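Engineer: Attaching a single structure in structure tokens format; questions to follow.
Every read-out reported here was derived from the displayed coordinates using simple, explicitly stated rules and does not represent laboratory data. Everything numeric in this text was worked out from a predicted model, so none of it was measured. Note that we place each Cβ from the backbone using ideal geometry, even for glycine, and neighbour counts take in every protein chain shown.
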Amino acid sequence: MGIVSTERGSIVVRNGGDGAGRLRVATIVAVLTFISIWPITTPTAPVPPAASGFSVDRVLGHVAEIAQAPHPMGSEEIDRVRQYVVGELEDLGLEVQMQPIMAHDYFGVPGNTVEVVNVMAKVPGGNSSGALLLVAHYDSMTTTPGANDNAVGVGVLLETARVLMEHPPFVNDIIVLFTDGEEPAPRFGSRAFVADHPWANDVGFVVNLEAAGGSGPSTVAEVSGPGRWVIEGYAKSAANPAAYSFVTAIIGLIGDLGTDFDSFRDADLPGLHFAYVRNSPIYHTVSDSIDSVHIDSVGHHATNVLGTIEAFGDTDLSAPRGADAGVYFSVGRSGLIGYGTAWALPIAMMALVLFTVGLAFGVRRSGLRLRSVVTSALVTLAGLLGGVIAVSLVWWMVTSIRSKLGVVEGYVYLISLVLFIGVVWDRVAKRRRRNASYVELLAGVTLVWLVLAVVLSAWLPGASYAFVWPTIAASVLLLVLESGRAGGSWARALVPAVVAAPALVLLTPLVDIFFQTAMPRPGNPDSQIVYVIGGSAFLIFLGVALVASAFSASVGEGGNHVGVRGRID
């Protein structure tokens, strides 16, 4: 180790070996990237408990029967599908109820009316405190056979009903409801059930199944009621939980997603809305056929339904619950972490204290300059905003040309674009980097993260976790680096991995969800939100900035660790 004197101070250099240092960093980042991507892939179709005998193949058989042709409300084809659903329920020994209503002919002649019919059956419980309502709509748009949207949901509930009839009764009643007229905005069937059917008064919990694509994990899209209680119950029995309060909090800001779940949420009924959305360009098109159905997504839908029944089938649904929405996020394939919303701001304050202590320690020990830290933060923020604008504009042009964009192709475009913009920005900001130490750059990036963490903790607590935990890790790294106890060469590469791990693991699912939402949907342009690609770009740039600055501060460019006793000129 040596100290190089300059007019502006001194620079501590620890030689870590150029090639070896970069190889160690690359290895660690590659492992962490794999770990972060793994949870957003669709879980393999599970093998249900032997006692349940749930068959994904039987679900696919139902889908093949239902999705033979488009079957919108009021059509002859919807009559055929209805007869099939009723026949399957009756073959199970269930007493079927139908709720017909008259609705305006949404797809036909203006001023005309058509009959919309809800189909339902009840599996009685032993001593019900409220019914579990399992919902899937059986109509489709005029443009699609609707295999994923929503024949898969119907098939899963038909097979679930069969399993329930062979299972010892749960304490609570379980209602399977197949709604008609979901596709147009009024949600005729579900709103009629809530408003007029006597069974609606008994409902204590709702599970709604949907799809806006052909594959992907069955993810919690919305939560109604006391979110923390709902998610904790779901987590107890979910085989592969996929739930992110960041997503449900953002959707809560947007309002209606335009599904049957809106009707039940508006009626203040607690529940969960599950959906898978990957390969969304097939949504409401002829491509949404049986050939587009991904067996693993069907299996994940099924395990979510069965797990929720296990969690709430014997629960006292009439007991009062707190109103806490909760903060929660999935980690890996089998873990779900959660805590009360009230903890969001205190945790953010802890991040603020750690960051402040790290800055103070750096100023006293090695001459870290606050002005340089703030400038680094402003440069980082400018780069983020510029990158987001550039990605959004280019993505808009790409999706205008490629209306049917494959998932892999879309990610190739997105990653290539982000890399290109990142390289350009790196060159533009190179002069700024020369006038600041690596640790000052890390502190500046961390400051951006900290501001986001504090603001979201106060304004939108459910979204705060994605920023507060990486901020805490980065603040701890600042303290470690300033203490001079980073250790040997491998330790100096592993220590910043503590920052990279939460950043990659927490941001990757959110990047993917924004990306899926931004995919073009030629079958339903109204649901196409191309500009949210900016959310993916923002999170990618933000994550890369933190991870890169963490490793640079610890290892240094070319394998050298550079302390903060001066700046790099």
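Engineer: Taking the highest mean first, how do the peptides 337-346, 355-364 order by number of other beta carbon atoms within 10 angstrom per residue?
Structural biologist: Packing proxy ranking, top to bottom: 355-364, 337-346.
Engineer: Could you tell me the calculated FRET efficiency between Val331 and Glu76, based on Cβ-Cβ distance and R0 = 51 angstrom, to the nearest 0.05?
Structural biologist: Calculated transfer efficiency: 0.55.
Engineer: Under the rule of at least 5 residues apart or a separate chain, name every residue whose amide H is placed under 5 Å from the amide H of Val207.
Structural biologist: Leu133, Leu134, Val135, Leu272
Engineer: So, one more: Quick one: Kirkwood hydrodynamic radius for the chain, alpha-carbon pairs, angstrom, one decimal?
Structural biologist: 25.4 Å
Engineer: Same structure, new question: Report the far tail of the P(r) of region 368-407, meaning the percent of Cα-Cα pairs longer than 16 Å.
Structural biologist: 55 percent
Engineer: Grab the beta carbon distance between Arg58 and Val357, set R0 = 41 Å, and tell me the FRET efficiency rounded to 0.05.
Structural biologist: 0.10
Engineer: Using label points projected 7 Å from each Cα along Cα→Cβ, tell me how many nm separate Asp256 and Asp316, to one decimal.
Structural biologist: With each label placed 7 Å out from Cα toward Cβ, I get 3.7 nm.
Engineer: Which value, in nm² and rounded to one decimal, describes the direction-averaged projected area of the C-alpha convex hull of region 198-262?
Structural biologist: Computing the convex hull of the Cα atoms and averaging its projections yields 5.5 nm².
Engineer: Among Ile337, Leu132, Gly216, pick out the residue whose Cα is farthest towards the positive end of the charge dipole of the chain, where Lys and Arg carry +1 and Asp and Glu carry -1 on C-beta, about the Cα centre.
Structural biologist: Ile337
Engineer: If you don't mind, there's one more thing I want to ask. Computed on alpha carbon atoms, what radius of gyration and Dmax characterise region 57-339, expressed in Å?
Structural biologist: Answer for region 57-339, Rg first and Dmax second: 17.5, 52 Å.
Engineer: If R₀ is 30 angstrom, what is the calculated FRET efficiency for the pair Leu460 and Ala267, using the beta carbon separation as r and rounding to 0.05?
Structural biologist: 0.75
Engineer: Name the long-range amide H neighbours of Glu222: under 5 Å, sequence gap of 5 or more, or other chain; modelled H, no Pro or chain starts.
Structural biologist: Distant-sequence amide H within range of Glu222: His273.
Engineer: Using 0.36 nm times the number of residues separating Lys404 and Ala342, minus their current alpha carbon distance, what extension gain do you get?
Structural biologist: Length difference between fully extended and current span is 18.0 nm.
Engineer: Which order do the peptides 211-217, 499-505 take when ranked by the mean count of other beta-carbon atoms within 10 Å per residue, highest first?
Structural biologist: 211-217, 499-505
Engineer: Return one number: the angle in degrees, 0 to 90 and rounded to the nearest 10, between the long axis of the Cα atoms of helix 497-518 and the longest principal axis of the Cα atoms of the chain.
Structural biologist: 40 degrees
Engineer: For Pro39, what is the net charge nearby, where nearby means another residue's Cβ is under 11 Å from its Cβ and Lys, Arg count +1, Asp, Glu -1?
Structural biologist: For residues surrounding Pro39, the net value is 0.
Engineer: Angle, helix 465-483 long axis vs. longest principal axis of the chain, Cα atoms, 0 to 90°, nearest 10?
Structural biologist: Approximately 20 degrees, to the nearest ten.
Engineer: How big is region 342-562 by Rg and Dmax over its Cα atoms, in Å?
Structural biologist: 18.3, 61
Engineer: Take the alpha-carbon centre of region 265-331, take the same for region 345-418, and report the distance between them in whole Å.
Structural biologist: 32 Å
Engineer: Per DSSP helix of 4 or more residues, -39500 (n - 2.57); summed, then divided by the residues of the chain. What does that give at 222 nm, rounded to the nearest 500?
Structural biologist: Computed ellipticity for the chain at 222 nm equals -17000 deg cm²/dmol.
Engineer: Given contacts defined as C-alpha pairs under 8 Å and at least six residues apart, what's the relative contact order of region 204-271, whole-number percent?
Structural biologist: 55 percent
Engineer: Could I get the Rg over Rh figure for region 515-559? Both from C-alpha atoms, Rh via Kirkwood, rounded to two places.
Structural biologist: In region 515-559, Rg relative to Rh is 1.33.
Engineer: Moving on to the next point. Relative to the longest principal Cα axis of the chain, at what angle does helix 407-428 sit, 0 to 90 degrees, rounded to 10?
Structural biologist: In the chain, helix 407-428 runs at an angle near 20 degrees to the longest axis.
Engineer: Please order Val220, Val495 by the number of other Cβ within 10 Å, starting at the fewest.
Structural biologist: Val495, Val220
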